[in-house]
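Taking it in order: structure first as C-alpha coordinates, then the write-up.
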Amino acid sequence: MKDQNILPIVLVYLVIINVVAFLVFGLDKWRARHSKWRISEATLLALAVVGGSVGAWLGMSVWHHKTLHKKFKYGIPLILAAQLALLLLTSCKTKQTIEPSVPVEAQRMEAEHSPDVFLVMYDEQVGKAPLLEAVKEYKCEVKYDYRLMNGMALRKPADKTLEATMQLFRRVKGVIAVEYDHIYRLTDPVRPKLEVK
(Lines give C-alpha, C1' and ligand atoms only; values in the text may rest on other atoms or scores of the structure.)
Protein backbone atom coordinates (compact mmCIF):
# COMPACT_ATOMS: atom_id res chain seq x y z
CA MET A 1 0.00 0.00 0.00
CA LYS A 2 1.39 3.40 -0.90
CA ASP A 3 1.88 6.16 1.70
CA GLN A 4 -0.83 8.33 0.14
CA ASN A 5 -3.37 5.49 0.36
CA ILE A 6 -2.68 4.79 4.04
CA LEU A 7 -2.97 8.42 5.18
CA PRO A 8 -6.81 8.55 5.13
CA ILE A 9 -6.94 5.27 7.10
CA VAL A 10 -4.54 6.65 9.72
CA LEU A 11 -6.52 9.88 9.99
CA VAL A 12 -9.82 8.04 10.44
CA TYR A 13 -8.20 5.83 13.09
CA LEU A 14 -6.83 8.84 14.97
CA VAL A 15 -10.19 10.63 14.93
CA ILE A 16 -11.98 7.51 16.19
CA ILE A 17 -9.46 6.68 18.94
CA ASN A 18 -9.43 10.29 20.16
CA VAL A 19 -13.24 10.49 20.26
CA VAL A 20 -13.31 7.18 22.14
CA ALA A 21 -10.65 8.39 24.61
CA PHE A 22 -12.57 11.64 25.19
CA LEU A 23 -15.84 9.78 25.78
CA VAL A 24 -14.23 7.14 28.04
CA PHE A 25 -12.77 9.88 30.25
CA GLY A 26 -16.26 11.43 30.47
CA LEU A 27 -17.84 8.05 31.23
CA ASP A 28 -15.30 7.36 33.97
CA LYS A 29 -15.98 10.77 35.50
CA TRP A 30 -19.74 10.07 35.46
CA ARG A 31 -19.17 6.66 37.06
CA ALA A 32 -16.98 8.24 39.75
CA ARG A 33 -19.74 10.71 40.65
CA HIS A 34 -22.36 7.97 40.80
CA SER A 35 -20.25 5.44 42.75
CA LYS A 36 -20.33 2.97 39.86
CA TRP A 37 -17.72 0.50 38.62
CA ARG A 38 -14.74 2.48 37.29
CA ILE A 39 -12.57 2.19 34.21
CA SER A 40 -9.00 1.28 35.17
CA GLU A 41 -6.25 3.87 35.00
CA ALA A 42 -4.27 1.46 32.83
CA THR A 43 -7.08 1.47 30.26
CA LEU A 44 -7.27 5.27 30.28
CA LEU A 45 -3.50 5.56 29.78
CA ALA A 46 -3.52 2.83 27.12
CA LEU A 47 -6.08 4.81 25.10
CA ALA A 48 -3.64 7.74 25.13
CA VAL A 49 -0.68 5.55 24.16
CA VAL A 50 -2.42 3.97 21.13
CA GLY A 51 -3.10 7.38 19.61
CA GLY A 52 -5.85 8.91 21.74
CA SER A 53 -3.65 11.33 23.66
CA VAL A 54 -5.41 14.43 22.31
CA GLY A 55 -8.81 12.99 23.24
CA ALA A 56 -7.52 11.97 26.67
CA TRP A 57 -6.07 15.43 27.30
CA LEU A 58 -9.31 17.10 26.17
CA GLY A 59 -11.31 14.65 28.30
CA MET A 60 -9.25 15.57 31.33
CA SER A 61 -9.78 19.28 30.65
CA VAL A 62 -13.48 19.21 29.75
CA TRP A 63 -14.60 16.65 32.35
CA HIS A 64 -12.12 17.86 35.02
CA HIS A 65 -11.14 14.24 35.48
CA LYS A 66 -7.79 12.87 36.72
CA THR A 67 -6.31 16.38 36.66
CA LEU A 68 -4.72 16.00 40.10
CA HIS A 69 -3.22 12.55 39.48
CA LYS A 70 0.48 13.00 38.59
CA LYS A 71 0.56 10.11 36.15
CA PHE A 72 -2.23 11.78 34.16
CA LYS A 73 -1.30 15.42 34.79
CA TYR A 74 2.22 14.83 33.45
CA GLY A 75 1.83 11.51 31.66
CA ILE A 76 -0.81 12.48 29.08
CA PRO A 77 1.04 15.63 27.91
CA LEU A 78 4.28 13.61 27.83
CA ILE A 79 2.63 10.90 25.69
CA LEU A 80 1.22 13.59 23.40
CA ALA A 81 4.64 15.24 23.07
CA ALA A 82 6.30 11.89 22.30
CA GLN A 83 3.67 11.12 19.65
CA LEU A 84 4.12 14.56 18.05
CA ALA A 85 7.91 14.13 18.05
CA LEU A 86 7.52 10.69 16.44
CA LEU A 87 5.18 12.17 13.84
CA LEU A 88 7.68 14.91 13.00
CA LEU A 89 10.58 12.47 12.77
CA THR A 90 8.72 10.05 10.51
CA SER A 91 7.32 12.72 8.24
CA CYS A 92 10.70 14.33 7.45
CA LYS A 93 12.04 13.57 4.01
CA THR A 94 15.72 13.52 3.23
CA LYS A 95 17.13 15.47 0.32
CA GLN A 96 19.71 12.77 -0.36
CA THR A 97 18.96 10.34 -3.12
CA ILE A 98 20.33 6.86 -3.33
CA GLU A 99 21.52 5.90 -6.77
CA PRO A 100 22.52 2.37 -7.59
CA SER A 101 26.22 2.10 -8.41
CA VAL A 102 25.34 -0.77 -10.72
CA PRO A 103 22.15 -0.58 -12.80
CA VAL A 104 19.34 -2.67 -11.31
CA GLU A 105 19.19 -4.81 -14.46
CA ALA A 106 22.87 -5.71 -14.02
CA GLN A 107 22.30 -6.58 -10.37
CA ARG A 108 19.55 -9.00 -11.38
CA MET A 109 21.86 -10.60 -13.93
CA GLU A 110 24.59 -11.07 -11.29
CA ALA A 111 22.37 -12.76 -8.74
CA GLU A 112 22.73 -16.52 -8.66
CA HIS A 113 19.52 -18.50 -8.81
CA SER A 114 18.44 -22.10 -8.51
CA PRO A 115 18.69 -23.92 -11.85
CA ASP A 116 15.43 -25.79 -11.35
CA VAL A 117 13.33 -24.05 -8.66
CA PHE A 118 11.27 -20.89 -9.18
CA LEU A 119 8.76 -18.86 -7.14
CA VAL A 120 5.15 -18.19 -8.08
CA MET A 121 2.91 -15.65 -6.30
CA TYR A 122 -0.85 -15.88 -6.83
CA ASP A 123 -3.87 -13.65 -6.22
CA GLU A 124 -5.63 -14.49 -2.96
CA GLN A 125 -9.03 -13.73 -4.52
CA VAL A 126 -8.51 -16.30 -7.30
CA GLY A 127 -6.88 -18.80 -4.96
CA LYS A 128 -4.30 -21.46 -5.71
CA ALA A 129 -6.57 -24.02 -7.42
CA PRO A 130 -5.64 -22.94 -10.99
CA LEU A 131 -1.98 -22.93 -9.99
CA LEU A 132 -2.16 -26.43 -8.49
CA GLU A 133 -3.92 -27.64 -11.63
CA ALA A 134 -1.07 -26.26 -13.77
CA VAL A 135 1.49 -27.85 -11.42
CA LYS A 136 -0.15 -31.26 -11.89
CA GLU A 137 -0.61 -30.83 -15.66
CA TYR A 138 2.97 -29.64 -16.25
CA LYS A 139 4.39 -32.29 -13.83
CA CYS A 140 6.10 -29.81 -11.52
CA GLU A 141 6.86 -30.48 -7.88
CA VAL A 142 5.73 -28.19 -5.05
CA LYS A 143 8.86 -27.60 -2.97
CA TYR A 144 7.22 -25.21 -0.50
CA ASP A 145 3.80 -23.61 -0.05
CA TYR A 146 4.13 -20.08 1.38
CA ARG A 147 0.62 -19.85 2.79
CA LEU A 148 1.11 -16.50 4.50
CA MET A 149 2.38 -14.87 1.30
CA ASN A 150 0.13 -16.64 -1.25
CA GLY A 151 3.06 -18.16 -3.07
CA MET A 152 4.82 -21.42 -3.85
CA ALA A 153 8.31 -22.62 -4.64
CA LEU A 154 8.09 -25.06 -7.57
CA ARG A 155 10.62 -27.44 -9.11
CA LYS A 156 10.48 -27.61 -12.91
CA PRO A 157 10.17 -30.96 -14.70
CA ALA A 158 13.54 -32.51 -15.63
CA ASP A 159 12.76 -32.42 -19.36
CA LYS A 160 11.85 -28.68 -19.49
CA THR A 161 13.94 -25.53 -19.25
CA LEU A 162 13.47 -23.17 -16.32
CA GLU A 163 12.69 -20.20 -18.58
CA ALA A 164 10.03 -22.11 -20.57
CA THR A 165 8.44 -23.38 -17.36
CA MET A 166 8.40 -19.92 -15.82
CA GLN A 167 6.87 -18.47 -19.01
CA LEU A 168 4.08 -21.07 -18.91
CA PHE A 169 3.25 -20.28 -15.28
CA ARG A 170 3.06 -16.53 -16.01
CA ARG A 171 -0.04 -17.31 -18.10
CA VAL A 172 -1.84 -19.33 -15.39
CA LYS A 173 -5.03 -17.71 -14.09
CA GLY A 174 -4.47 -15.84 -10.82
CA VAL A 175 -0.65 -15.81 -11.03
CA ILE A 176 0.64 -12.31 -10.35
CA ALA A 177 4.41 -12.94 -10.35
CA VAL A 178 6.90 -15.61 -11.39
CA GLU A 179 10.49 -15.10 -10.24
CA TYR A 180 13.78 -16.94 -9.99
CA ASP A 181 14.57 -18.55 -6.65
CA HIS A 182 17.69 -16.50 -5.84
CA ILE A 183 20.47 -18.04 -3.81
CA TYR A 184 22.14 -15.94 -1.13
CA ARG A 185 25.00 -17.54 0.75
CA LEU A 186 25.63 -16.30 4.26
CA THR A 187 29.33 -17.05 3.82
CA ASP A 188 29.73 -14.79 0.77
CA PRO A 189 31.39 -11.42 1.44
CA VAL A 190 29.04 -8.47 1.49
CA ARG A 191 29.36 -6.30 -1.62
CA PRO A 192 27.63 -2.94 -1.36
CA LYS A 193 25.42 -2.26 -4.37
CA LEU A 194 24.25 1.30 -3.60
CA GLU A 195 26.04 4.61 -3.27
CA VAL A 196 24.72 7.76 -1.60
CA LYS A 197 25.30 10.81 -3.81
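The values are calculated or read from the model by the stated rules, or taken from the named source; none is laboratory data. Just so it is clear, the structure is predicted and the values come from calculations on it, not from any experiment. When we count neighbours, we look across all protein chains shown, and the Cβ atoms used for this are built from the backbone with ideal geometry, even at glycine.
Here are the numbers:
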| read-out | value |
| --- | --- |
| Index of the failed condition, ALA129 passing every other in (1) closer than 23 Å to PRO115 by Cβ; (2) surrounded by fewer than 13 Cβ atoms within 10 Å (Cβ to Cβ); (3) at pLDDT 90 or above | (1) |
| Where a residue in segment 54-68 is under 12 Å from LYS29 (Cβ atoms) and its partner, wherever it lies, is part of a loop (DSSP other than H, G, I, E, B), with Cβ under 8 Å and at least six apart | GLY59/HIS65; MET60/LYS66; MET60/THR67; SER61/THR67 |
| Yes/no for ARG38 being charged (D, E, K, R), surrounded by 11 or more Cβ atoms within 10 Å (Cβ to Cβ) and either part of a helix (DSSP H, G or I) or modelled with pLDDT of 95 or more (or both) | no |
| Among residues of segment 60-81, those that are over 15 Å from LEU14 (Cβ atoms) and either in a helix (DSSP H, G or I) or aromatic (Phe, Trp, Tyr) (or both), counted | 14 |
| Residues being more than 16 Å from ALA177 (Cα to Cα) and either of a type in the set (S, T, N, Q) or in a loop (DSSP other than H, G, I, E, B) (or both) - total across segment 123-151 | 2 |
| Residue count for segment 157-176, restricted to those that are surrounded by fewer than 12 Cβ atoms within 10 Å (Cβ to Cβ), not aliphatic (A, V, I, L, M) and not in a helix (DSSP H, G or I) | 2 |
| Answer residue from segment 42-90, given it is touching a Lys or Arg at 6+ places or on another chain (Cβ under 7 Å) and over 18 Å from ILE16 (Cα atoms) and is surrounded by the fewest Cβ atoms within 10 Å (Cβ to Cβ) among those | THR67 |
